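The values are calculated or read from the model by the stated rules, or taken from the named source; none is laboratory data. From a predicted model like this one, the values you see are computed outputs, not experimental measurements. Backbone-built Cβ (ideal geometry, glycine too); neighbour counts: all protein chains shown. Ligands, DNA and RNA are stripped out before the accessible areas are found, and what is left, the full protein with its side chains, is counted by its heavy atoms. Shrake-Rupley method; radii C 1.70, N 1.55, O 1.52, S 1.80 Å.
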Amino acid sequence: VAHAGWRGTVAQIGRKTVETMQQAFSSRPEDIIAAIGPSIGQCCYEVDDFVRGKAAGYEQFFAPRAEKPGKYLLDLWGYNRQVLLDAGLKAENILTAGVCTEHNHEMFCSYRAEQGKTGRMGVCLYRMSAEKNA
Ligand SMILES: [Zn+2]
């Protein structure tokens, strides 16, 4: 499990996680299945030039806000998906929930929607075996 807010995303935590799995478990990127869980969506995630400046090669995931010069809407889901593709994962092995936590803050904790006074989200990773009755 890796957390990818904007700092983790521009630091390519997805690629680093794949590399760590290769070193620790001899994982092959083409065998890895990734799930991008609920998080703030591009509909709500405004960032500035500072963040975009850290994203060399991935600027396409920043939609300029015409009404706010120097501000962008960041597509964390697309950015992290591309990082995982660049790390060798197969497109069909990357699942994206596509659920914005700010738009759905009654269901999920959202730091931005709740102005910092919010709960915390937990993540559970469950290993599924391909072997039946093993
Ligand atoms: Zn949203």
> Lys/Arg Cβ at +1, Asp/Glu Cβ at -1, dipole of the chain taken about the Cα centre: which of 5, 88, 41 is farthest positive-ward?
Replying inline: 5
> How do 105, 3 stack up against each other in accessible area, from largest to smallest, with a 1.4 angstrom probe?
Replying inline: 3, 105
> Taking the Cα atoms only, what angle lies between the long axis of helix 76-86 and the longest principal axis of the chain, rounded to 10 degrees?
Replying inline: 40 degrees
>> If you fit an axis through the alpha-carbon atoms of helix 13-25 and take the longest principal axis of the Cα set of the chain, what angle between them do you get, 0 to 90°, nearest 10?
In response: 20 degrees
> Ranked by accessible surface with a 1.4 Å probe, highest first, in what order do 17, 101 come?
Replying inline: 17, 101
> At q = 0.21 Å⁻¹, what is the log10 ratio I(q)/I(0) for the chain, with the Debye formula run over Cα points and no solvent?
Replying inline: -1.33
> So which residue, out of 30, 92, 59, gets the largest mean-square fluctuation from a GNM of the chain using Cα contacts under 10 Å as springs?
Replying inline: 92
>> Only Cα pairs within less than 10 Å get springs; with that Gaussian network setup on the chain, which residue of 69, 29, 38 has the largest fluctuation?
In response: 69
> On the accessible surface of the chain, probed at 1.4 Å, how many percent belong to carbon and sulfur atoms?
Replying inline: 52 percent
> For the chain, what relative contact order do you get, as a whole percent, if you take Cα pairs closer than 8 Å and at least 6 residues apart?
Replying inline: 28 percent
> What residues qualify as long-range amide H neighbours of residue 36, i.e. H under 5 Å apart, gap of 5 or more or another chain, H built at 1.01 Å from N?
Replying inline: 95, 96, 97
> What list of ³J(HN,Hα) values in whole Hz, one per residue of region 56-71 in order, does the Karplus curve 6.51 cos²θ - 1.76 cosθ + 1.60 (θ = phi - 60°) give from phi, with Gly and Pro shown as x?
Replying inline: 3, x, 10, 5, 5, 8, 10, 8, x, 8, 4, 7, 9, x, x, 10
>> Can you pull out the trypsin sites (Lys or Arg not before Pro) in region 9-61 whose DSSP state is coil and whose Cβ has at most 14 other Cβ atoms within 10 Å?
In response: 54
>> What distance in nm separates the two pseudo spin-label positions at residue 2 and residue 103, each 7 Å out from Cα along the beta-carbon direction?
In response: 2.6 nm
>> If I model a spin label as a point 7 Å beyond the Cα along the Cα-Cβ vector, how far apart are those points for residue 127 and residue 27 in nm?
In response: 1.2 nm
> Which of 35, 56, 113 moves most in a GNM of the chain, Cα contacts under 10 Å?
Replying inline: 56
> Residue separation times 0.36 nm, minus the C-alpha to C-alpha distance between residue 90 and residue 68: what's the value?
Replying inline: 4.3 nm
> Each residue of region 2-8 in turn: what ³J(HN,Hα) in whole Hz from Karplus with 6.51, -1.76, 1.60 and θ = phi - 60°, glycine and Pro shown as x?
Replying inline: 10, 9, 10, x, 5, 5, x
> Could you give the accessible area per residue of region 1-60, probe 1.4 Å, as a whole number in Å²?
Replying inline: 60 Å²
